[in-house]
């Protein structure tokens with residue numbers, strides 16, 4: 001549909017006006033100082049620290065303090081983009097380069113090993129070849145069309161959570177089911193209950209609910225596990241506008257402003273509403289087959305237990321700071337803890353403050369949500385990494401920074417970003433309770449200016465699109481942050497279908 005464009009801002013809501021201003025200015029608020037590296041922002045735990053963390057984790061798990069939060073609403077279109085492009089090239093008789101042809105042939109060869117193959121074959125056997133999307137003369141793509149469209153599995157329209165990822169004998173599991181089963185290995189409480197929350201697409205709610213019911217029944221009968229799975233959708237109120245290259249707000253033919261999903265930063269509201277205690281965050285596609293879970297589960301416990309330990313110390317210090325009057329010795333203990341354990345810093349003027357003023361600053365620093373983030377060695381994956389950035393409030397702070405947040409027109413900023421030694425695999429555990437037991441209002445600890453602006457096509461029109469501050473970027477900008485190095489083997493994402501051909505996803509076959 002051809003879109004009508006308008007640069008008129010009359011009758012725009014305050015929310016749209018703010019978004020338009022961000023898109024117009026397109027300024028980057030992140031100022032990188034240098035990468036976070038081992039012993040300079042990223043911890044490499046000793047064996048004793050790992051053991052102590054696991055003990056702390058097990059105690060907290062028994063108390064039912066953990067929940068697993070999985071963003072799962074994203075469509076799997078990009079996962080299958082190579083196949084979709086190949087189908088289009090075949091339909092239009094376009095020349096296909098040797099590299100792409102070789103990859104497609106490799107995929108055809110490996111297809112019987114993939115978890116969805118048996119279901120795909122049944123679909124193909126059921127329908128006559130003449131319904132095969134009008135490409136029956138191209139036998140090399142017949143199974144691709146049944147995989148992507150209807151009739152067939154229609155995977156091009158599904159979210160990744162509903163894609164069959166792994167095969168175990170005669171049984172295949174979706175990414176959704178695998179995330180639940182992996183979570184059962186570490187977040188069960190003393191009553192064998194585990195809590196999960198998935199953010200999903202609205203039109204897939206019934207399908208997820210049906211799968212959830214089957215999983216709960218199966219595992220209760222198998223070993224009396226009680227699984228609590230809840231769902232939420234991204235609030236349409238978090239949708240954002242786009243502008244064309246002439247800075248006109250894009251509208252449809254009826255004159256309505258085109259609103260688009262506002263990125264994973266929109267999920268801060270979903271996380272906030274849970275009022276949970278300690279939450280693990282993990283992307284839906286970062287899940288290996290069961291034979292590779294042992295190391296992942298071990299490091300989940302380490303990260304979670306380390307957070308429990310840090311949180312306990314923070315809460316003890318805050319209780320001391322809230323006593324009347326607080327002892328001056330408590331100030332020195334807090335300062336050492338912030339500098340040594342939390343890798344924090346103070347602005348220069350802090351040392352000129354009175355004790356009363358220092359106590360106020362220390363309370364503000366410590367009374368924040370806490371996150372412990374696993375970091376893997378950089379393997380040049382697209383995405384963000386750990387950095388020290390300039391912070392007006394604290395002088396500098398540790399942040400996860402995406403490439404879209406960096407002003408690459410500045411050579412120094414580009415060089416700093418490219419020199420990162422570690423990568424963010426989205427392996428995060430969050431402490432969301434205050435020292436007094438109440439929940440943080442997470443909206444108070446984000447940087448609203450840290451929006452992400454990217455260039456995309458909106459219904460065929462080149463456009464700048466706005467995303468809210470990323471969930472683990474600007475939305476957690478004012479959190480206490482700890483980075484810990486974890487093994488690369490714990491990072492097993494499925495960004496394209498070819499990733500399912502890796503050992504970490506096929507081990508179940510051998």
Original post:
Where does the Debye-calculated log10 I(q)/I(0) of segment 44-181 sit at q = 0.22 Å⁻¹, using only Cα point scatterers of equal weight, no solvent?
Top reply: -1.41
Subject >> Nitroxide proxy distance, nm - points 7 Å out along Cα→Cβ at residue 237 and residue 17 >> reply: 1.9
Original post:
For segment 231-297, what Kirkwood radius comes out of the mean inverse Cα-Cα distance, in Å?
Top reply: 15.5
Original post:
For the Cα atoms of the chain, what angle does the longest principal axis make with the long axis of helix 355-366, in degrees from 0 to 90, nearest 10?
Top reply: 20
Original post:
Which translational diffusion coefficient, to the nearest whole µm²/s, is obtained for segment 365-510 from the Stokes-Einstein equation, given a Kirkwood hydrodynamic radius over C-alpha pairs, 25 °C and 0.890 mPa s?
Top reply: 141
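Over segment 358-510, calculate the relative contact order: mean separation of alpha carbon pairs under 8 Å at least 6 apart, over the residue count, as a percent.
30
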**OP:** Taking the Cβ of each residue in 101, 111 as the centre, tally the other Cβ atoms inside 10 Å and list the residues starting with the fewest.
**Re:** 101, 111
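Output the relative contact order of the chain, whole-number percent, from Cα pairs under 8 angstrom with separation of 6+ residues.
Details: 892 pairs, mean separation 131.0, N = 510.
For the chain, the relative contact order is 26 percent.
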Original post:
Relative contact order for segment 75-219 using alpha-carbon pairs under 8 Å, separation at least 6, rounded to a whole percent?
Top reply: 21
**OP:** Pull up the DSSP beta bridges for the chain and report the antiparallel fraction as a percent, rounded to 5.
**Re:** 65
Original post:
Angle, helix 47-62 long axis vs. longest principal axis of the chain, Cα atoms, 0 to 90°, nearest 10?
Top reply: 80
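Among 90, 324, 102, 282, rank each residue by its count of other Cβ atoms within 10 Å, from fewest to most, as a rough exposure measure.
Numbers: 90 18, 324 4, 102 11, 282 22.
Result, fewest neighbours first: 324, 102, 90, 282.
Using every Cα-Cα pair within the chain, state what percent have a distance larger than 28 Å.
Details: 77468 of 129795 pairs.
Counting every Cα pair in the chain, those more than 28 Å apart make up 60 percent.
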Subject >> Spacing of the two label points (7 Å from each Cα toward its C-beta) at residue 224 and residue 94, in nm >> reply: 5.9
**OP:** Pop out the Kirkwood hydrodynamic radius of segment 59-130 from its pairwise C-alpha distances, inverse of mean 1/r, in Å to one decimal.
**Re:** 16.2
Subject >> 451, 458 arranged by Cβ crowding within 10 Å, fewest neighbours leading >> reply: 458, 451
Original post:
By what distance, in whole Å, do the Cα atoms of segment 117-258 stretch along each of the three principal axes, largest value first?
Top reply: 59, 45, 22
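Each reported figure results from applying straightforward, stated rules to the coordinates on display, with no laboratory input. Everything quoted here is computed from the prediction, not taken from an experiment. Glycine gets a Cβ as well: all are built from the backbone with ideal geometry, and neighbour counts include every protein chain shown.
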